[in-house]
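Student: Structure provided below as structure tokens; questions to follow.
The values are calculated or read from the model by the stated rules, or taken from the named source; none is laboratory data. Bear in mind the structure is a predicted one, so any value in this text is a computation, not a measurement. With ideal geometry, Cβ positions are generated from the backbone for all residues, glycine too; neighbour counts draw on all protein chains shown. Please note that ligands, DNA and RNA were not included when accessible areas were found on the heavy atoms of the full protein model with its side chains. Shrake-Rupley method; radii C 1.70, N 1.55, O 1.52, S 1.80 Å.
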Amino acid sequence: MGEEKEPEAKKQKTMGTITEGVEFDTIAREWRCKWSPDSDKKSLAEAQKLLSSVVEEVKKVDGVKGVQRVVCGGCMDFKVITSVDSEKFGAWSDAKFAPEADFLEKLKAIDGIDVVETQTFTLMPM
């Protein structure tokens, strides 16, 4: 037998709207910092180890679409971007973006890491 198709009304997702024509279906949370090239980029290596220790926990957040790591060798940026379905983002926000607080505390403790910040923004494929 063939697969039953889901009615079109159920397939459609509710999108957020910032203003007319500016809609989104994904909200992302970014954790970012600056790292030092000193000591053969040890702070970058330590930041990556820290991320590796929590990435599976982050991926288990309900509604996660993906976790990306961005590194810029020119401006010494280290960023972790977690994209979450817009309909599920509120629950993660209510949970204080766990494991964010612990991750940021440990990131700040790494020698050579500074300017630790977070940002929330929307994403939409064009």
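Student: Report the FRET efficiency, 1/(1 + (r/R0)^6), for Ala95 and Thr17, where r is their Cβ-Cβ distance and R0 is 25 Å, rounded to 0.05.
Tutor: That gives a FRET efficiency of 0.50.
Student: Specify whether the C-alpha gyration tensor of segment 50-125 places it in the rounded, prolate or oblate class, a ≥ b ≥ c being the square roots of the eigenvalues: rounded for a/c under 1.5, otherwise prolate if a/b is larger than b/c and oblate if not.
Tutor: It is prolate, given that a/c is not under 1.5 and a/b is the larger ratio.
Student: For the chain, what is the charge dipole size about the Cα centre, in debye to the nearest 20, if Lys and Arg each add +1 at the Cβ and Asp and Glu each add -1 at the Cβ?
Tutor: 260
Student: Using a 1.4 Å probe on the protein heavy atoms, what percent of the accessible area of segment 33-94 belongs to carbon and sulfur?
Tutor: Accessible surface attributable to carbon and sulfur in segment 33-94 totals 47 percent.
Student: So what is the accessible area of the chain per residue, in Å², with the probe set to 1.4 Å? Don't skip to the answer; put the middle values down first.
Tutor: Values: 8380 Å² over 126 residues.
Counting only protein heavy atoms, the per-residue value for the chain is 66 Å².
Student: Taking +1 at the Cβ of each Lys and Arg and -1 at the Cβ of each Asp and Glu, which of Phe78, Leu104, Trp31 sits farthest along the dipole of segment 30-126 towards its positive end, judged by Cα position relative to the Cα centre?
Tutor: Phe78
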